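Shown next, in C-alpha cells, is the structure this report addresses.
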Amino acid sequence: MDHSEAPVLEALAAYHAEKQLPFTPPGHKQGRGADPRVRAVLGDAVFHSDVLSVNGLDDRTSSKGILQRAQELLADAVGADHTFFSTCGSSLSVKAAMLAVAGPHEKLILGRDAHKSMVAGLILSGVRPVWVDPNFDPDLHLAHPPSVEAFTAAFDEHPDAKGALVTSPTPYGTCGDLAGLARMCHERGRPLLVDEAWGAHLPFHPDLPIWAMDAGADVCVTSVHKMGSGLEQSSVFHLQGDLVDPEALKSRADLLSTTSPSVLVYAALDGWRRQMAEQGRELYDRALALAGSLRERIAGIKGMHVHTRDDFCGPGRASDMDPLQIIIDISGLGPNGYHASDWLREHHRLNLHLSDHRRISVQLTHADDEQSAARLLTGLRDLAEHAGELPPGPSMVVPDPRELRLEQVMLPRDAFFGRVEQAPWREAAGRVSAEMLTPYPPGIPAAVPGERLTEAMLDYLRTGVDAGMVVPDAADPKVESVRVVAEG
C-alpha cells in the first residue's frame, strides 16, 4: 500500500477547500458559535476541523470508504489482518475484545494485574474471571506479567475457559512471554488477547520488545495516545487469524462505542500511521539513543537507581522491558515517589509518568529531544539536592505481595450491582468488596468487586492514601470507609 496516503486528513483538507457549510452537528459550526474565550485557549483550528464524520468527511452511506481505507493502511503498516479505530480509548477496545471471546458466565483467564477497564468489562458482561497471579518481585514490590506456566495451569484447571488476556507491557514497561503464551493458547484452540496499551511504538523498531501481532497474539489493543502521536482517547485494536470472528469483534465495539466519533481523533491516528510508516525507524533510532544516554546521566545522580533489564528481567520476573520507560528508584533519597513527583511538578513544572512508595518514572517517546532531557535532568538533580527538605510522609504499609492477593468469591457483576453498604475501613476485613479500589496511576485495581477484603489490603490502601496515593474510583476516595456487599 502507498503509505504516503492519509485518507482522513486528505478528506478533511478537501472539506475545507470546498467551503462546505454544515447544517448538522457539531453545534459550534466550525467555531463560529464557540465562546471567543474558549477559542483563545483551544485555538480556532480545533473547532475548524471538528466536523461530522458522516455528511462531513464522507457521505451518508460512507461510500467513499475513507475510514475503512485509513484502517486498512494501518493494518498493512503493522502486519495485522484487520485494524479498527476507536475514539473511546483502549478502555473501550479491551472491553470489545473481551466480549468478542466470552459471554455472560463464560470463563476468561486474565492476569490479575489487569487495568480497571478490564474489570469494567467483567462487570458489564458478567464474564467469570479466572485470575492468574503476576510474577511478583517481593524485594521491589513490583508486579510483572504472569508467566506462561501460570496461564497453562489455569487452562489445565479450567479447560472450558474461552481465551486468555494479558497486559504487556505493564505501565512500568515490563513485558511477558507473548510468543510462549500464544503457542500455549493455540495448542488449545483458544485465542490470546493482549492489552498492549503502552506498546503503540513497538512495531516500528527492531530494538524494541516484540509486539503482540508478531508474537502470534490474536487480538491486540493499543492506546496510540500513550506512546504514539494520537490525541487523547485514540486507540486501535488489531486482529489476525481465525480464532476471533472479525464481525463479532466489530459488533461488540459498535455496541460500546459512540455514534458521534471525533474526526480530530481519526485524523491524528491517520497521520500517526503515515509518520510511523515513513519515518518510524529513524525516529526511534533517535529516541532509543536519547533514552540510553539519559539513563546513564540519571544513574549518576546521588540517591537515584535507574532500573535495567538486570533488575526486571529473568526467571520469575519479566521477559523483556521497554527502554523508553525509565523507572527510577529514589528510596536512597528519603522521600517517597508520591511526594517527589509533587515536588517536581511544583518546583520545575515537570509532570512524571508514575509514582509509588519508592519510585518515580519517566516516559520517553519519539517526541523527546536533548532540550526536554536537559530540563528533566535539571529537575532531578535539584530534587536530589533538596530531598532532605521534603517533609517525610506517613509510613506506608506495603505487605508481601502474596498478602495483597484477594479471593474472588462473587462474580464482579453480581457484587457491583447487588445490595451494598458503606463500612468503616477497620470493620471491612472479611467483607466482599462492591467497588474497585484502584491506586491511580497506573490504574490497576487493588480490589475488584466480588473479592474478599483483608486487613493487609485495607492497611495498604489506607496508609497509602495518607502517604500520597490516589484512589479516585472509590466511593470514599480517602478509604476511611469501603463499599461492600450488604449482609443478610
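Quick check on the chain: helices-only [θ] at 222 nm, where DSSP H runs of length 4 and up contribute -39,500 (n - 2.57) each and the sum goes over total residues. Nearest 500, please. Calculated mean residue ellipticity at 222 nm is -11500 deg cm²/dmol. The distance from the alpha carbon centre of the range 182-223 to that of the range 248-292 is 16 Å, rounded to a whole number. Computed extension gain for Ser372 through Ala40, at 0.36 nm per residue and net of the alpha carbon distance, reaches 116.9 nm. Approximating the spin labels as points 7 Å out from Cα along Cα→Cβ, the Ser4-to-Lys19 distance works out to 3.0 nm.
Residue separation of Arg402 and His105 scaled by 0.36 nm, minus their Cα-Cα distance, works out to 104.2 nm of gained length. Once the Cα-Cα distance is subtracted from the 0.36 nm per residue extended length, the Asp242 to His186 segment shows a gain of 19.1 nm. Which whole-number percent of Cα pairs in the chain have a distance greater than 27 Å? Of all Cα-Cα pairs in the chain, 59 percent lie more than 27 Å apart. If you roll a 1.4 Å probe over the range 163-319 with all protein chains in place, what percent of the accessible area is carbon or sulfur? Exposed carbon and sulfur together represent 47 percent of the surface. The packing ranking, built from the mean of other Cβ atoms within 10 Å per residue, places the peptides 20-33, 420-433, 82-95 in the order 82-95, 420-433, 20-33, highest first. For the range 262-353, the set of trypsin sites (Lys or Arg not before Pro) satisfying both a DSSP loop assignment and a count of at most 10 other C-beta atoms within 10 Å is given as Lys302, Arg349. Out of the range 56-149, which GluC sites (Glu not before Pro) are coil in DSSP terms and have no more than 16 other C-beta atoms within 10 Å? Qualifying residues, ordered by number: Glu106. Values of log10 I(q)/I(0) for the range 12-107 across q = 0.10, 0.18, 0.21 Å⁻¹ run -0.44, -1.00, -1.12, by the Debye formula with one identical scatterer at each alpha carbon and no solvent.
Working from label points 7 Å from Cα in the Cα-to-Cβ sense, the Asp76 to Thr258 distance is 2.9 nm.
Across the range 235-245, coupling constants 3J(HN,Hα) worked out from phi with the 6.51/-1.76/1.60 Karplus curve, θ = phi - 60°, read 9, 9, 10, 10, 9, 8, x, 10, 8, 10, 6 Hz, and Gly and Pro carry x. When the accessible area of the range 44-153 is computed with all protein chains present and a 1.4 Å probe, what percentage of it is carbon and sulfur? Accessible surface attributable to carbon and sulfur in the range 44-153 totals 51 percent.
The values are calculated or read from the model by the stated rules, or taken from the named source; none is laboratory data. Remember, it's a predicted structure, so these values are computed and weren't measured experimentally. Don't worry about glycine lacking a Cβ; one is built from the backbone with ideal geometry, like all the others, and counts go over all protein chains shown. To get the accessible areas, we keep the full protein, side chains included, count just its heavy atoms, and leave off ligands, DNA and RNA. Shrake-Rupley method; radii C 1.70, N 1.55, O 1.52, S 1.80 Å.
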